[in-house]
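To start, the structure under review is shown below, and the notes come after it.
The values are calculated or read from the model by the stated rules, or taken from the named source; none is laboratory data. Quick caveat, the model's predicted, so the values are computed rather than measured. Virtual Cβ from ideal backbone geometry, glycine too; neighbours counted across all protein chains shown. The protein model used for the area step is the full one, side chains on, heavy atoms only, and it has no ligands, DNA or RNA in it. Shrake-Rupley method; radii C 1.70, N 1.55, O 1.52, S 1.80 Å.
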Amino acid sequence: RVARELDVAHRNTEALGSPDAIGADAQRFERLAANAANTAEASFAAATALETQAEDAKAKLSQTYNKDLALFNKVSAQYTDAQNQLEQAHALVNAFNARPS
């Protein structure tokens with residue numbers, strides 16, 4: 001019976017691998033975990049950089065929009081002034097034409 005238990009224990013040990021192989025597997029898993037952590041950190045840094053770029057682009061777009069809006073308002077005011085001047089000119093022409101001859 002002891003021989004059989006020793007044989008089973010020996011087969012189980014062979015199935016697990018030698019202590020050196022187990023140690024090598026542990027080191028490989030540690031390297032994989034470290035690589036995964038480095039990849040996660042790099043991905044987070046890249047995402048942070050993209051977020052910063054997006055915020056910068058949004059700020060520039062907002063600034064451009066505000067400049068365009070100010071220009072539109074200025075041109076609109078100039079158009080309104082020109083329209084008022086044209087109406088005044090029409091009124092003067094009509095008054096001139098309506099005077100007695």
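Where nothing but the Cβ of Lys and Arg (+1) and of Asp and Glu (-1) is charged, how large is the charge dipole of the chain around its Cα centre, in debye to the nearest 20?
Charge dipole of the chain: 400 debye, to the nearest 20.
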Query raised in the report: How much space per residue, in cubic angstrom, does the convex hull of the C-alpha atoms of the chain take up?
Result: 119 Å³
Requested in this report: Kindly write out, for segment 65-78 in residue order, the coupling ³J(HN,Hα) from the Karplus curve 6.51 cos²θ - 1.76 cosθ + 1.60 (θ = phi - 60°), rounded to whole Hz, with x marking Gly and Pro.
Outcome: 4, 5, 5, 4, 5, 5, 5, 4, 4, 5, 5, 4, 5, 5
Requested in this report: Return the sequence-ordered ³J(HN,Hα) values of segment 34-50 in whole Hz as given by the Karplus equation 6.51 cos²θ - 1.76 cosθ + 1.60 applied to θ = phi - 60°, using x for Gly and Pro.
Outcome: 5, 4, 5, 5, 5, 5, 5, 5, 5, 5, 5, 5, 5, 5, 5, 5, 5
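Can you give me the % of accessible surface on segment 16-97 that is carbon or sulfur? Probe 1.4 Å, all protein chains present, nothing else counted. Walk me through the intermediate numbers first.
Working: 4410 of 7100 Å².
Carbon plus sulfur share of accessible area: 62 percent.
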Report summary line: Regression test value, accessible area per residue of the chain, probe 1.4 Å, units Å², expected 90 Å²
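Could you work out how much longer the chain between Tyr65 and Ala91 gets when fully extended? Use 0.36 nm per residue separation minus the Cα distance between them, nm to one decimal.
This chain segment gains 5.5 nm when fully extended.
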